Amino acid sequence: MNKELPSARRRAVQILCSIAWCLMAAGPVFGFAALKPILINEGIYSEHCHFNDKDLESPETCVEQDLSLNFLFTVACMVTNISALPVGSILDSYGPQVTGIIGAVVIFIGSLFLKLGHLLTFMDAYLAGYTFLALGGPFVFISCFQLANSFPKNSGLILALLTGAFDSSSALFLVYRLVYTNVIEVPLSTFFTYFLAVPIFIFVCQVFVMPHDSYKTVGTLAKIAETAIDETGKPLNSDLLLPEDRNDESFIEPIYQPTITETTTLLMRSASSHRRESTISRASFASRASIKSVYEQEAEDKLFNSSGGVFGVMHGYTITEQLKSWWFILMALFTTIQMLRINYFVATIRSQEEYLYQSKETAIIVNHFFDAALPIGGLLSIPFIGLILDNLTTLTTLIILMVVSVTIGIMGILSWLPGTYFGIILMVLYRPFYYTAVSDFCAKVFGFETFGTVYGSIICFSGICNILQQVMDKVTHETFHMNPIPINSLLTALTIILGGILIQFVRVQERDLKRRNLELEAQEASIRGIPN
């Protein structure tokens with residue numbers, strides 16, 4: 001897919017443009033906690049309320065309005081995740097330029113709905129607008145992700161910049177809220193009038209600046225991120241090259257190895273799998289060495305060891321077999337619970353803290369801390385995520401995920417301010433770590449050829465189940481009278497149950513795989529006449 005590259009200046013401009021629009025449009029909907037106070041102050045959905053003299057000046061007390069506002073975020077999360085597979089299909093079929101243009105148009109429509117929401121009384125323009133913003137984000141992000149190979153030597157740096165831009169995009173509404181509360185009250189319609197410039201900018205860039213064809217497919221990037229082997233079968237680190245390859249002028253050493261992250265894998269999609277293999281081991285890897293470079297074979301051996309033996313366990317199975325396996329089912333269920341917990345917290349953080357501390361002032365302070373911590377946490381966690389996934393086994397990573405998640409759940413039900421802040425810090429670090437760990441799990445267990453389809457299916461299924469967030473929100477309002485402890489306790493309990501089942505399953509499979517691999521190696525050694 002690598003064609004003759006444009007000039008270095010043009011490629012640099014392409015990267016700068018993509019970073020700029022990712023900062024503004026890739027994922028601003030996840031900054032909902034910062035936007036919600038403005039929506040309340042602007043009277044969005046206040047028509048659902050029937051205020052009496054007592055609560056006339058406190059629209060926050062209206063249950064119907066609060067539920068309607070939270071539903072915006074619920075639907076946005078659903079759409080973002082469900083779009084994983086169709087957006088990837090469009091990218092595969094029509095290329096990054098068409099994908100980016102579609103995203104620009106979708107975001108323009110969403111911004112227009114939000115700008116004219118107070119006039120379009122015949123429909124829920126705010127729900128439509130926020131949904132279109134959520135849908136457009138993945139389109140414009142994945143359209144520029146392939147730019148990671150525009151400068152092969154700096155592919156890791158470009159991936160980090162794009163990832164950072166995506167993680168920081170949730171701060172857009174934080175900046176808006178700071179201006180709104182401290183400088184001037186810019187009405188929602190005025191803000192989105194200005195914001196229309198963003199999709200116009202993306203459209204112009206796609207037509208006149210961005211490449212029509214991908215520099216590299218996302219499936220290839222997934223394999224490179226896991227194995228650190230490029231398309232030619234050589235390692236990214238020149239120190240690992242064999243002597244005969246060190247003078248190869250086609251090799252370009254990158255600054256550092258890219259890592260699969262939440263944002264770089266959100267919408268990866270690839271073709272169906274290759275032939276089935278009965279079991280994966282050092283021996284079975286070696287049997288395929290004839291079609292792999294020595295570097296690829298060594299990389300797979302290292303991944304087999306570093307993963308604790310689960311690397312390759314579902315490689316070669318058909319996509320149907322993979323999706324029916326317990327490896328997929330248990331991870332999909334665990335991911336669903338984690339997604340519900342994270343999104344429920346983002347949508348209801350202020351009301352949760354107000355109930356726990358019986359203080360609006362404390363709830364506002366905690367809310368503001370979370371608004372700032374969310375984009376910062378995504379950036380700070382990137383280097384640590386790579387270190388954990390590169391040096392710990394898959395089983396150990398899953399144990400860390402469950403322990404951290406349970407700790408967050410416990411901190412979320414305590415009326416103890418240091419615990420609340422500690423839980424928030426863990427949450428903003430855990431969010432990108434979790435999605436990255438899931439993508440790493442999928443790549444290692446199911447293989448690179450079906451990676452996008454499997455990972456996209458997990459995220460898509462979790463997105464559909466995210467509708468339960470609205471059910472939990474309504475139960476909290478109407479049954480538990482704003483008490484978040486029962487729902488948070490239930491989600492924490494489900495995390496322990498499903499996480500425990502997943503960990504025990506992987507532990508048993510890991511033990512069985514190691515036993516079978518030792519038996520296979522012993523059989524091969526016996527056939528070759530090598531004593532044990």
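The values are calculated or read from the model by the stated rules, or taken from the named source; none is laboratory data. Please read all numbers here as calculations on a predicted model, not as lab measurements. FYI the Cβ positions are ideal-geometry reconstructions off the backbone, even for glycines, and counts take in every protein chain you see.
Of the residues making up segment 377-395, those that are closer than 17 Å to G308 by Cβ and polar (S, T, N, Q) are N391, T393, T394. In the condition set (1) in contact (Cβ under 8 Å) with a residue 12 or more places away in the chain; (2) over 23 Å from I337 (Cβ atoms); (3) of a type in the set (S, T, Y), S526 is compliant with all but (1).
Before we move on, is T479 among the hydroxyl-bearing types (S, T, Y), in the same structural domain as Q352 (by TED's automatic domain parsing) and closer than 30 Å to G88 by Cα? No: the conditions fail for T479. Among the residues of segment 393-420, those that are in a loop (DSSP other than H, G, I, E, B) and either in contact (Cβ under 8 Å) with a residue 24 or more places away in the chain or not assigned by TED's automatic domain parsing to the domain that holds T495 (or both) comprise T393, G412, I413, L414, S415. Under 21 Å from L401 (Cα atoms) and in contact with a Lys or Arg (Cβ under 6 Å, 6 or more places away or on another chain): does that describe G463? Answer is no for this residue. Here the condition is being among the aliphatic types (A, V, I, L, M), buried (at least 20 other Cβ atoms within 10 Å of the Cβ), touching a Gly at 6+ places or on another chain (Cβ under 7 Å) and part of a helix (DSSP H, G or I); of V454, V445, V428, it holds for V428 alone. Look at N154 and say whether it is closer than 23 Å to L39 by Cβ and at pLDDT below 95. So N154 does not fit the description; no. Just wondering, is there one or more residues in segment 435-444 that are touching a Lys or Arg at 6+ places or on another chain (Cβ under 9 Å) and within 28 Å of T74 (Cβ to Cβ)? Within segment 435-444 (the criterion being touching a Lys or Arg at 6+ places or on another chain (Cβ under 9 Å) and within 28 Å of T74 (Cβ to Cβ)), the answer is no, since none of the residues qualifies.
L356 meets all of the listed conditions (1) surrounded by 21 or more Cβ atoms within 10 Å (Cβ to Cβ); (2) within 22 Å of the chain's Cα centre (by Cα); (3) among the hydrophobic types (A, V, I, L, M, F, W, C) but one, namely (2). Could you please let me know if G423 is surrounded by fewer than 19 Cβ atoms within 10 Å (Cβ to Cβ), assigned to a helix (DSSP H, G or I) and modelled with pLDDT of 95 or more? It is false that G423 is surrounded by fewer than 19 Cβ atoms within 10 Å (Cβ to Cβ), assigned to a helix (DSSP H, G or I) and modelled with pLDDT of 95 or more. Does any residue of segment 350-365 turn out to be closer than 26 Å to G164 by Cβ and either in contact with a Gly (Cβ under 9 Å, 6 or more places away or on another chain) or touching a residue at least 60 places away in the same chain (Cβ under 8 Å) (or both)? No: segment 350-365 contains no residue that is closer than 26 Å to G164 by Cβ and either in contact with a Gly (Cβ under 9 Å, 6 or more places away or on another chain) or touching a residue at least 60 places away in the same chain (Cβ under 8 Å) (or both).
All of Q504, Q509 fail the test of being more than 20 Å from T348 (Cα to Cα), over 23 Å from the mean Cα position of the chain (by Cα) and at pLDDT 95 or above, apart from Q504.
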